[in-house]
């Protein structure tokens, strides 16, 4: 079968990109992995978040602003799928439990403000101001940063909505179709997958951690490593937390998601009692009421990290038409991937900031 | 609908179920007691409010969640009845206990 674009990877990044390409009239095929393929999309926290992102790299700060500002539009478009993604943008908190954290946060936030030419909105709240907004907060929390631009979404519902939306626009989705080989032939690319052989003029690699080995086949050296995060889920509780925070959020259905751990353990996406204990203790320190709550699930997931933590958007120089879209934060960036990123892939006039994410930055 | 098979069971344990007192055999689970009493539903789900009854009776499915002695979302099939136990239907999501709020 002949397509305009083959997107390899049907997770948050691949689905958003395929949806965006289809919106621009492209004939798109999405090849997805198997149920047990490592999938950050099915293990993440669901924040649509700018706080802290890009404080040390202005293009990333600006890109996250673009993405979060396009998010309400994406959310509206996805309503047609009738999947309730529970998107909210009321703002979000990141707590500080000591003076050092407060000072580091304050300088991070002001760096982010500068990096976005003042587009990033935030406020540093001391304990008493914070307590007025969140009465359940413990006195161990000395303050917090708050950004009205932050929000959250149900990430599993989002993935489902994107898959439905792209298929409504004519995208062909093929699951259980691991890619075995990609070969350039007469200015096109032939992709051999578990379910057949497909041809397209353009290939977009959205396979997360697998982008490394897929890129290799095409002469691209995409540096990507895994970082594990573990997550705890509580029983459903009556709503008590109106805003998402970096490590604790209450979902629309009432469960509380607790997380934010960072481990380098290769491709192991399991859980460990030690880390789950740490994240539970930090959550209880912040919200003492959580100590009486039952936990019902825990899982581990692998973040897709590049050497500097920023996305890699790169067209292959030896195989033009092959694009790498390698990043974490696929939820936050979904709206940018479904919009401006597709302009760049299609070679239309595009936002110059995207060029800042080429791999040239790793060459010294 | 349900009855105790062993005739020698004594109905000697008093429990309160949604405000009404009942005598049930000792050494049975709260879920079994609910079936014996003949209640129509033991909980209403948090998301849609659907009425539910115990299902697996072996601690796996979490369908039998009830409020037992003031603590919500208890698996009634894994909890034995006790003299004076106060059992309530679990209506929607549980509330976080106010006593755990910090002064």
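A short reminder: the numbers here are calculations on the coordinates, not readings from a lab. As the structure is a computational prediction, the values presented were derived from the model and not from experiment. Don't worry about glycine lacking a Cβ; one is built from the backbone with ideal geometry, like all the others, and counts go over all protein chains shown.
Worth pointing out:
- Nearest 10 degrees, 0 to 90: helix A:155-168 Cα axis against chain A principal axis: 30 degrees
- Simple spin-label estimate for residue A:99 and residue A:34 in nanometres, 7 Å along Cα-Cβ: 5.6 nm
- Per-selection Rg to Rh, chain A - Cα, Kirkwood hydrodynamic radius: 0.97
- Between the helical axis of A:99-115 and the longest alpha-carbon principal axis of chain A there is an angle of about 40 degrees.
- Region A:311-326 and region A:90-144 have their alpha-carbon centroids 37 Å apart.
- D (Stokes-Einstein, µm²/s), Kirkwood Cα radius, region A:130-220, 1.306 mPa s at 10 °C: 90 µm²/s
- Three-way shape call for region A:92-148 based on the alpha-carbon gyration tensor, with the a/c threshold at 1.5: oblate
- Angle in degrees between helix A:58-78 and the longest Cα principal axis of chain A, rounded to the nearest 10: 80 degrees
- Relative contact order [Cα under 8 Å, 6+ residues apart], region A:19-131, whole percent: 30 percent
- Relative contact order of chain A, defined on C-alpha pairs under 8 angstrom at six or more residues apart (%): 24 percent
- Scattering profile of region A:225-305 at q = 0.15, 0.18 Å⁻¹ [log10 I(q)/I(0), Debye over alpha-carbon scatterers]: -0.51, -0.72
- Candidates A:198, A:146, A:240, ranked by Gaussian network fluctuation over chain A, Cα under 10 Å, top entry: A:240
- Taking region A:225-305 and dividing mean pair separation by its residue count, relative contact order in percent (alpha carbons under 8 Å, at least six apart): 46 percent
- Rounded to 5, the percent of DSSP beta bridges in the protein assembly as shown classed as antiparallel: 70 percent
- Among A:193, A:54, A:339, residue whose mean-square fluctuation peaks in a GNM of chain A (springs only between Cα atoms under 10 Å): A:193
- Among beta bridges that DSSP assigns inside region B:1-100, antiparallel share in %, nearest 5: 75 percent
- Annotation: extensible slack from residue A:181 through residue A:362 equals 62.5 nm (criterion: 0.36 nm per residue apart, minus Cα-Cα distance).
- In nm, spacing of pseudo-spin labels at residue A:1 and residue B:21 (7 Å Cα→C-beta vector): 7.0 nm
- Largest GNM mean-square fluctuation among A:127, A:186, A:262, using chain A with Cα springs under 10 Å: A:186.
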